[in-house]
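The block underneath contains the structure these notes are about, expressed in structure tokens.
The values are calculated or read from the model by the stated rules, or taken from the named source; none is laboratory data. Note that this is a predicted model, so its numbers are computed, not measured. Cβ coordinates were reconstructed from backbone atoms using ideal geometry, including for glycine residues, and neighbour counts include every protein chain displayed.
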Amino acid sequence: MSDLVITSPANPRLKALVALRRRRAREEAGATLIEGYEELSLALDAGVVPSTAYVCPELFSRAGLAGAQDIGVQEDLLRVLRGRGVEIVRLSRTAFEKVAYREGPDGLIAVADSVARDLADLTAGASDLVLVCQGVEKPGNLGAMLRTADAAGVDAVIAADPVTDWSNPNVVRASKGTVFALPVVSATTAQTLSWLREHDVALVVTTPETEVDYGDVDYTGLVAIAVGAEKHGADDLLLGAATHRVRIPMAGRANSLNVAASAAIVLYEAVRQRRALLAPPPGP
């Protein structure tokens with residue numbers, strides 16, 4: 001079967017695609033936009049099968065990859081998509097630039113099912129590490145925390161009282177596609193705390209309002225690390241439920257770090273402790 005070709009930016013299918021930039025439209029459709037070679041490749045590696053991929057071969061050489069290999073690797077990706085039964089729609093450059101979310105598009109956009117899972121579907125092993133992001137507003141911060149969580153081996157990420165959604169194109173972009181590699185959940189703070197109690201998860205919450213250094217608590221068991229919103233931090237409900245409240249020492253004039261940086265620092269302390277626990281004892 002030959003690919004559908006669309007050349008007009010006014011095509012109804014493209015108008016529906018543009019509408020998915022809005023959270024309400026994404027939630028009503030249960031859909032996620034995936035734009036870019038890297039993001040789509042990681043999504044496929046994670047087992048995501050898009051319903052449709054919109055492509056513009058004229059833009060393939062702008063993938064930002066290894067020069068002359070750009071077109072080849074993207075054509076390979078198209079073959080993978082076809083092999084998984086994904087509908088391919090070829091767009092003219094004008095039409096693609098109309099629907100592209102980012103500047104300097106590389107000719108690949110796909111639509112897949114929403115990535116968010118239900119809290120009830122999450123399980124918790126004896127040594128799982130969970131990241132809780134409460135009230136985070138900026139998609140770029142949420143995406144950056146996902147990249148760190150993926151690198152640190154986090155088992156799940158929960159957005160408590162989220163201001164943005166996991167399917168936001170800027171979350172997908174900032175996460176470099178790792179949003180598809182991790183179980184991600186949206187829930188209220190109350191629901192999140194109920195789940196943590198039900199599974200006996202120790203809760204470590206970052207806040208400047210404590211004297212406990214983040215390196216002075218144990219992260220080697222079943223632990224959730226929680227960070228709060230960019231402006232106000234963790235709220236009283238989350239702080240009140242904390243097993244430990246921890247602070248990151250600040251030696252400069254600023255009194256806080258970017259929320260994604262804070263999450264990274266504490267997550268990697270957990271990684272350090274867990275590796276030390278598993279390291280073989282020194283020889284004689």
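What the table below lists for this structure:
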| item | result |
| --- | --- |
| Residue count, the range 37-62 (criterion: farther than 16 Å from V86 by Cα and either small (G, A, S) or part of a loop (DSSP other than H, G, I, E, B) (or both)) | 1 |
| Listing of strands (runs of 3 or more DSSP E) fully contained in the range 186-273 that carry 3 or more residues being under 22 Å from the mean Cα position of the chain (by Cα) and surrounded by 14 or more Cβ atoms within 10 Å (Cβ to Cβ) | 202-206, 223-227 |
| Out of A159, A116, A144, sole residue that is under 30 Å from E269 (Cβ atoms) and free of Cβ contacts under 8 Å to residues at least 60 places away in the same chain | A159 |
| Residue within the range 177-185 that is small (G, A, S), part of a strand (DSSP E or B) and surrounded by 21 or more Cβ atoms within 10 Å (Cβ to Cβ) present | no |
| A263 vs. criteria among the small types (G, A, S) and at pLDDT 95 or above | yes |
| Top-ranked residue of the range 14-59 - restricted to ones that are charged (D, E, K, R) and surrounded by 15 or more Cβ atoms within 10 Å (Cβ to Cβ), ranked as nearest to the chain's Cα centre (by Cα) | E39 |
| Scan of the range 96-107 for residues that are in contact with a helix residue (DSSP H, G or I) (Cβ under 6 Å, 6 or more places away or on another chain) and over 18 Å from Q74 (Cα atoms), ordered by number | V99, Y101 |
| Enumeration of residues in the range 111-147 that are touching a Lys or Arg at 6+ places or on another chain (Cβ under 9 Å) and charged (D, E, K, R) | E137, R147 |
| Identity of the residue in the range 160-179, within 10 Å of the chain's Cα centre (by Cα) and among the aliphatic types (A, V, I, L, M), that ends up nearest to Q134 (Cα to Cα) | V171 |
| Single residue of S2, S8 found to be out of contact with any Gly (no Cβ under 6 Å at 6 or more places or on another chain), surrounded by 12 or more Cβ atoms within 10 Å (Cβ to Cβ) and either modelled with pLDDT of 95 or more or not in a helix (DSSP H, G or I) (or both) | S8 |
| Failed condition for A270, given (1) touching a Phe, Trp or Tyr at 6+ places or on another chain (Cβ under 9 Å); (2) over 25 Å from H199 (Cα atoms) | (2) |
| Any hit, the range 118-135, residues being touching a Cys at 6+ places or on another chain (Cβ under 8 Å), among the small types (G, A, S) and surrounded by fewer than 19 Cβ atoms within 10 Å (Cβ to Cβ) | no |
| Qualifying residue in the range 209-230 (condition: under 30 Å from L20 (Cα atoms), touching an Asp or Glu at 6+ places or on another chain (Cβ under 6 Å), at pLDDT below 95 and not hydroxyl-bearing (S, T, Y)) | yes |
